[in-house]
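Structure first, commentary second.
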Amino acid sequence: MRGLNVNELGGETIASVGSRSWKVKDEKACIQTTNTGESLPKKLGRTYFSFDRVFDEYATTKEVYEESSSDLVKSFVKGVSGSIVAYGQTGSGKTYTMQGEGSIKEGAAGKNGVIQMVVQDIFSELANFPISAFLIRLSVIEVYNDEIRDLLNDSSQKKVTTRYDSKLGLSVDSSEEFVTDYPGMIDLFNIADSKRIVRRTEMNDMSSRSHAIYRITLEKKDLDINVDEGKDDEAVQVSTLNILDLAGFDSVQTVQKSAKNLNETQKEGININKR
C-alpha cells in the first residue's frame, strides 16, 4: 500500500501548526521548526520524521506519481494487487493531486492527476501483452458516516452491504462496470466523483466529506500457453488496484467555526477520523 500525504503542489513548503511549522529537510525527511524558521531539537517521531520520499513545493504531480505509484501499476498489470492512498488535512491538496485541475474529466483534458496517470499507464502497459486477453472492471464506493454508497449505481447514492467469506475475506456488494479504453474509464471516474458528498469548510469551499474507493479489477489470460508443457490453458490471472481519496481532516474547533449544521458536520468529522 502506498500513501500520498501531499501539500497543495505549488503551495508552501512550510505548514504552520499553532506556533510551530514543518518544512522539508531533504528528499527523505521533514523537520519541525518555529514559525521564524529556527529548528527544534531533533527527536525522531516528535520533531523529525523520516519517509521513503518527501516532496517540496516545487515537485510536480508527475514526479509524485512516478516516485510513489507508477511501479504499482506495472505490478498490477503483471498480477500483483496494490493500493494508492491520499490522506491529510482539508486543503492540503489531496484532491488536486489525485484528480488534477477541476473535475476528473477536466483534469484529463488539462493538468492530469494521479488517477489519470494510473489509467493511462494501465492501458499503456497492457499494450505490451499483445498475445493476452484482458477484462477490466471498475467499481466505486464512498464511505460516509459509517454508510457505504455505490457511486456507479443508477439509483443515486444507493447504500450497499458488506459480506464476509472465510476464504475470500470481506467484500462489498457494489456494482461493476466493464471498461475497454481510457476515455471510458475516465467517464466512469467522473460520474462517480460527481456523486461524492462535499461541504464547505473553513479550509476549503468544496471539501470531500466521504472516503472514496475506486477499485479496478483486471483479469488477464495468456493465449499462447503451451499445453504440452503441462501448463493450464484456462489459467486466469486476477489482480486489483485500489485508489483511495480519503476525506479531508478538520479539527473540532475548525468544524465549530464553519458549521451551519453543527451536529451533522461534527458527526462527519468524528466518522472521518475514526481509527
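The values are calculated or read from the model by the stated rules, or taken from the named source; none is laboratory data. The structure presented is a predicted model; accordingly, all values stated were derived computationally and were not measured. Positions of Cβ are generated from backbone atoms using ideal geometry, with glycine treated the same way; all protein chains shown enter the neighbour counts.
Quick notes
- Residue selected from segment 138-156 under the condition in a loop (DSSP other than H, G, I, E, B) and either within 15 Å of residue 188 (Cα to Cα) or of a type in the set (Ser, Thr, Tyr) (or both), by the criterion modelled with the lowest pLDDT: 156
- Residue within segment 60-81 that is of a type in the set (Phe, Trp, Tyr) and within 30 Å of residue 215 (Cβ to Cβ) present: yes
- Every residue from segment 103-122 that is surrounded by fewer than 24 Cβ atoms within 10 Å (Cβ to Cβ) and polar (S, T, N, Q): 103, 112, 120
- Residue match in segment 126-137 (condition: in a helix (DSSP H, G or I), at pLDDT 90 or above and surrounded by fewer than 17 Cβ atoms within 10 Å (Cβ to Cβ)): yes
- Subset of segment 159-194 (residues that are in a loop (DSSP other than H, G, I, E, B) and within 21 Å of the chain's Cα centre (by Cα)): 160, 173, 174, 175, 176, 181
- Selection within segment 39-69 - among the small types (Gly, Ala, Ser) and either farther than 18 Å from residue 243 by Cα or loosely packed, with under 15 Cβ neighbours inside 10 Å (or both): 39, 45, 50, 59
- Any hit, segment 85-92, residues being of a type outside the set (Phe, Trp, Tyr), in contact with a Leu (Cβ under 6 Å, 6 or more places away or on another chain) and assigned by TED's automatic domain parsing to the domain that holds residue 196: yes
- Candidate set from segment 92-102 (those that are within 17 Å of residue 55 (Cβ to Cβ) and of a type in the set (Gly, Ala, Ser)); member that is surrounded by the most Cβ atoms within 10 Å (Cβ to Cβ): 100
- Take the conditions (1) out of contact with any strand residue (DSSP E or B) (no Cβ under 7 Å at 6 or more places or on another chain); (2) under 22 Å from residue 194 (Cβ atoms); residue 78 misses just one of them, which is (2).
- Qualifying residue in segment 167-190 (condition: more than 22 Å from residue 103 (Cα to Cα), surrounded by 15 or more Cβ atoms within 10 Å (Cβ to Cβ) and of a type in the set (Ser, Thr, Tyr)): yes
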